[in-house]
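Notes follow once the structure below has been shown.
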Amino acid sequence: MNTHTSKVGFVSLGCPKALVDSERILTKLRSEGYEIAPEYEGSDVVIVNTCGFIDSAKEESFNAIKEAMNENGKVIVTGCLGVDEGVVREVAPDVLAVTGPQQYEQVVDEVHKAAPQPHEPYVHLVPPAGLKLTPRHFAYLKISEGCNHRCKFCIIPSLRGDLVSRPIRAVLREAEKLVEAGTQELMIVSQDTSAYGLDLKHQTETWKDRDIRAHMTDLADALGDLDVWVRLHYVYPYPHVDDVISLMADCRILPYLDIPFQHASPSVLRAMRRPANDAKVLKRIKKWREVCPEIVIRSTFIVGFPGETEEDFQYLLDWLKEAQLDRVGCFKYEAVEGAAANELPDPVPEDVKQDRWERFMAVSQQISSAKLKARIGLEMAVLIDEVDEDGGAVGRTYADAPEIDGQIHLKGAEGLAPGDMVMAHVDDSNDYDLFGTVIHDEEDEWNW
Ligand code: SF4
């Protein structure tokens, strides 16, 4: 009898959406009895889930493929880079197979060819919530694939196709399973969360004796019943976003909104061909803050897009000062192979991009620093991410998503573990982080 259990090594690169793809592949393989190996050595085959969004991500993916080939030699490439097999084979001609994003079945088929499928599948080896690459206490919940927009700097629609939403019952069932398995915080991800359900014509399904549409507002409301932190990412400011602000004010979901504005100057937004390019967005942000004063808005921006003038950039800086966004990331525009923006005239020189990036970051740093300073003296709920042996811990308040925002560094955290929710007193702050002390005898109702 063959007692060898096939082992699969896995390298997962890219965004949270790619991470969810990796989790699906791993869950399927584990349910078939494969072991997931932490190292190249001893693995019967290695899967590399790649990212091809920008050139630096491609470079990282190529390096990971080369390393897996050198260390193991039996490699299956999947993910965004897999859309162009020729490019992958130029770098690593002998990889076993190349598949594109979301081609879970093909990846699993290729694994079957490369490493014998264990005779008895042990479905019970798979936890009910599937296998996760994030810690147990937070999880990404992908609600759709693809995107109907055609922003000029982006190749995601050509990699992942048009919007395909998951049925709302499937999303809610997955959320429920994650919460049953210990998830305390759900991050809702997609390419365009506000467009959720458009392709399904917002089809209504029954969930827990009520009718519910495949629509961002209904989804957020139903997730609010799960009694965990629910965070919305990649939201575009379409008019119906106003409805989720009321859900935030009612403490149904976290008062946190991740909106990738990318720019503020109308001419640059037009050149980028951005969706929901609304000149009145500043007024709407003001209104959101009136409805829900605790709301934290995070965003990303691109400086140095082709044709961006000093006037456009100054408009962006003034806009940011007025918008007072809480958390901000900024990228210097980088040409992406295959993007329509590559054809645009008037590229911005690298030294000008660098200068604008520095000026932008200086303003956002000042805003962040002032906003965090204003939290000193507050008592806030904190979800613990890590603890150390000296009574210290690192966690996050509602204002911070994992990996992209700041943290709160705590003392007095003896006896706590990752995933615990505690109240903490905010003692101090710097530009991006808070410092605080755990409150052990707090009996009050928790709020944000
Ligand atoms: S909204 Fe624009 S940037 Fe975002 S995925 Fe769609 S095309 Fe790309």
**Request:** Tally the residues that are within 16 Å of the ligand (Cβ to nearest atom) and among the charged types (D, E, K, R), restricting the search to region 266-285.
**Result:** 4
**Fill in**
Flagged in region 128-161 as more than 17 Å from the chain's Cα centre (by Cα) and more than 14 Å from the ligand (Cβ to nearest atom), in numbering order, are P128, A129, G130, L131
**Request:** Provide a single number: the residues in region 177-201 that are at pLDDT 95 or above and among the acidic types (D, E).
**Result:** 2
**Subset of region 270-329 [acidic (D, E) and buried (at least 20 other Cβ atoms within 10 Å of the Cβ)]** = E308, D312, D326
**Request:** Identify, by number, the condition in (1) surrounded by 23 or more Cβ atoms within 10 Å (Cβ to Cβ); (2) without any contact (Cβ under 8 Å) to a residue 60 or more places away in the chain; (3) within 16 Å of the ligand (Cβ to nearest atom) that V164 doesn't meet.
**Result:** (1)
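Of the residues I367, I384, only one is over 30 Å from E414 (Cβ atoms), at pLDDT 95 or above and among the β-branched types (V, I, T); which? So that I can check it myself, show each step before the final result.
Numbers: I384 fails: over 30 Å from E414 (Cβ atoms).
Being over 30 Å from E414 (Cβ atoms), at pLDDT 95 or above and among the β-branched types (V, I, T) holds for just one of I367, I384, which is I367.
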**Request:** Report yes if D211 is among the charged types (D, E, K, R) and more than 20 Å from the chain's Cα centre (by Cα), otherwise no.
**Result:** yes
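Would you confirm whether or not region 352-360 contains a residue that is within 19 Å of G406 (Cβ to Cβ) and buried (at least 16 other Cβ atoms within 10 Å of the Cβ)?
Yes - at least one qualifying residue is present in region 352-360.
I'm trying to understand the selection: among the residues of region 281-333, which are assigned to a loop (DSSP other than H, G, I, E, B) and of a type in the set (V, I, T)? Even if it seems obvious, please write down each step before you answer.
Just the residues of region 281-333 that are assigned to a loop (DSSP other than H, G, I, E, B), to begin with: 292-295, 304-309, 324-326, 333.
Once the filter is applied, which keeps residues that are assigned to a loop (DSSP other than H, G, I, E, B) and of a type in the set (V, I, T), region 281-333 yields I295, T309.
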**Complete:** Quick count over region 35-59, residues being farther than 15 Å from Q102 by Cα and part of a strand (DSSP E or B), is 5
**Message:** Of all residues being touching an Asp or Glu at 6+ places or on another chain (Cβ under 7 Å) and part of a loop (DSSP other than H, G, I, E, B) in region 1-34, which is farthest from C51 (Cα to Cα)? Just the residue, please.
**Reply:** T5
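Conditions tested, residue by residue: (1) among the acidic types (D, E); (2) surrounded by 14 or more Cβ atoms within 10 Å (Cβ to Cβ); (3) in contact with a strand residue (DSSP E or B) (Cβ under 9 Å, 6 or more places away or on another chain).
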| position | (1), (2), (3) |
| --- | --- |
| E71 | yes, yes, yes |
| K74 | no, yes, yes |
| V77 | no, yes, yes |
| C80 | no, yes, yes |
| R89 | no, no, yes |
| Q106 | no, yes, yes |
| E110 | yes, yes, yes |
**Candidate set from region 221-265 (those that are within 20 Å of E322 (Cβ to Cβ) and in a strand (DSSP E or B)); member that is farthest from the ligand (Cβ to nearest atom)** = L257
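The values are calculated or read from the model by the stated rules, or taken from the named source; none is laboratory data. Here the structure is a predicted model, which means the values were calculated and not measured. Every residue, glycine among them, receives a Cβ derived from its backbone with ideal geometry; neighbour counts consider all protein chains shown.
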